[in-house]
1. Just name one of 102, 69, 59: the one whose Cα is farthest towards the positive end of the charge dipole of segment 44-109 (beta-carbon charges, Lys/Arg +1, Asp/Glu -1).
2. Counting only residues 5 or more places away or on other chains, whose amide H sits under 5 Å from the amide H of residue 43 once H atoms are built in the peptide plane?
3. What Rg and what Dmax come out for segment 251-397 when only alpha-carbon atoms are used, in angstroms?
4. Two decimals is fine: what is log10 I(q)/I(0) at q = 0.09, 0.14, 0.22 Å⁻¹ for segment 50-189, from a Debye sum with one equal scatterer on every Cα and no solvent?
5. Tell me, what HN-Hα J-couplings in whole Hz come from the Karplus equation 6.51 cos²θ - 1.76 cosθ + 1.60 at θ = phi - 60° for each residue of segment 51-61, using x for Gly and Pro?
6. Using a Förster radius of 35 Å, what is the FRET efficiency between residue 124 and residue 250 based on their Cβ-Cβ separation? Nearest 0.05, please.
7. Would you work out the charge dipole size for segment 297-397 about its Cα centre, treating the Cβ of every Lys and Arg as +1 and the Cβ of every Asp and Glu as -1, and quote it to the nearest 20 debye?
8. Using Cα positions and a limit of under 29 Å, work out the lysines in reach of residue 76, with same-chain residues fewer than 8 apart set aside.
Amino acid sequence: MIPKRALAVLFCVSLAATGCGLSDEPTAAAPTGGTGPIKVGGVSSLSGAVTFPDSSAAAKAVFDRVNEQGGVNGQKIEYISGDDKGDPAAAAQAARDVVTNQGVVALVGSASLLDCAVNAPFYQQSGIVSIQGTGVDPTCFESPAISPVNTGPYLNMAINLYYASEVLKRDKVCMFLAILGNTNDAYGGAVKSWTALTGKKLTLDDRTVKPDSDPTPFVLRARKEGCQAVLYNGTEPMAISWMKVVKQQDITGIDWLMTTAPYTEAVGKALGADGDGMYANAEFEPFTDAESPALKDWRTLMTAKSVPLTSFGQGGYLAATYFVDVLKSIKGPITRQSVAAAFKALKPIQTQMTGTPYEFGDAAKHLSNRAGKIVQLKGGQWQVITPEWVKYPGTLG
């Protein structure tokens with residue numbers, strides 16, 4: 001069950017991120033360049049209780065297209081995606097397999113609840129960079145070796161808090177959280193940042209929700225406490241259950257704001273009119289805007305490669321696209337060292353799919369995607385509420 005896995009993550013991290021007993025010392029030399037395939041890796045949750053398959057699938061789609069077009073200067077890209085199975089020990093093993101045994105030059109498109117917490121020190125010591133497709137764990141945004149392309153759930157939450165109090169002008173803002181792994185302090189940091197920025201405090205801060213909790217008592221508590229806006233970080237099935245209870249209990253007068261995870265076509269279809277009014281925060285250009293020119297290439301490629309149209313898929317696409325562009329800029333052999341050097345020297349990359357430029361550079365931590373667009377369900381269809389990017393004016397951490 002997820003709670004046990006979450007405890008396992010905390011236990012693993014308490015061991016100073018040593019890979020749950022595995023040494024952080026790289027046991028093989030970094031790969032050297034040549035005319036063979038360019039090996040690129042990833043560590044994602046592809047099986048287990050909570051999965052993120054779309055990011056690595058989208059990255060592979062980008063690499064497959066590059067290979068079909070002749071590769072990078074004649075070299076094909078071989079993508080090796082390891083499965084951490086939602087388990088800390090498996091995450092450590094998967095990282096060592098792709099980095100040490102397979103000799104990849106970089107990690108691209110990873111999406112996992114615990115990869116960063118378990119493997120960040122190993123990546124740094126291995127001299128390898130990770131262009132995370134979907135950063136979830138707080139460590140993803142706190143490592144010099146990792147730079148996610150997405151906003152992440154914590155800044156995402158801060159943007160939602162800011163939108164609820166400063167745009168919707170709600171005085172009684174409440175929050176219900178499911179805490180997985182070592183995410184509690186990061187969410188707390190988002191709340192502290194919002195309070196420092198606005199001078200306001202939460203009417204209710206409940207962090208006791210479990211993935212398998214019955215939403216009824218929480219939803220009823222929100223009504224009892226007089227909440228005008230409620231922020232919730234549930235996944236797709238959790239958000240569906242939550243909003244169905246809202247409908248069943250005939251609760252009105254509350255704005256329900258979700259993070260990115262429930263922003264999928266599947267949630268819209270499952271809820272239909274029961275989800276009317278529910279907000280979500282899109283980390284990238286909203287994919288339900290079929291006419292957006294910013295998404296033309298992404299949509300065409302994902303459709304051709306049978307990859308679901310999701311925010312996680314957008315993250316994997318962007319991570320792989322940035323990576324390929326950097327590869328093309330490298331003069332000489334493409335090695336782990338040359339790739340890392342190129343990303344450490346990378347100038348910010350602006351794209352219409354994000355509200356702020358992507359950055360890596362030689363920083364101690366990375367959080368370059370600092371904007372979102374608010375979408376809302378109406379009749380089972382997501383509609384863009386803020387055509388302009390909502391940029392959080394505060395800082396986290």
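What follows is calculated from the coordinates using simple rules that are stated; it is not laboratory data. All values derive from a computational prediction rather than experimental measurement. Glycine gets a Cβ as well: all are built from the backbone with ideal geometry, and neighbour counts include every protein chain shown.
1. 69
2. Answer set, sorted by chain and number: 82, 110, 111.
3. Radius of gyration, then largest Cα-Cα span, for segment 251-397: 17.7, 63 Å.
4. Evaluating at q = 0.09, 0.14, 0.22 Å⁻¹ gives log10 I(q)/I(0) of -0.34, -0.71, -1.36.
5. 10, 9, x, 5, 5, 5, 5, 5, 4, 4, 4
6. 0.10
7. Magnitude of the dipole: close to 100 debye.
8. Correct list for residue 76: 39, 60, 85, 296, 305, 328, 331, 344, 347.
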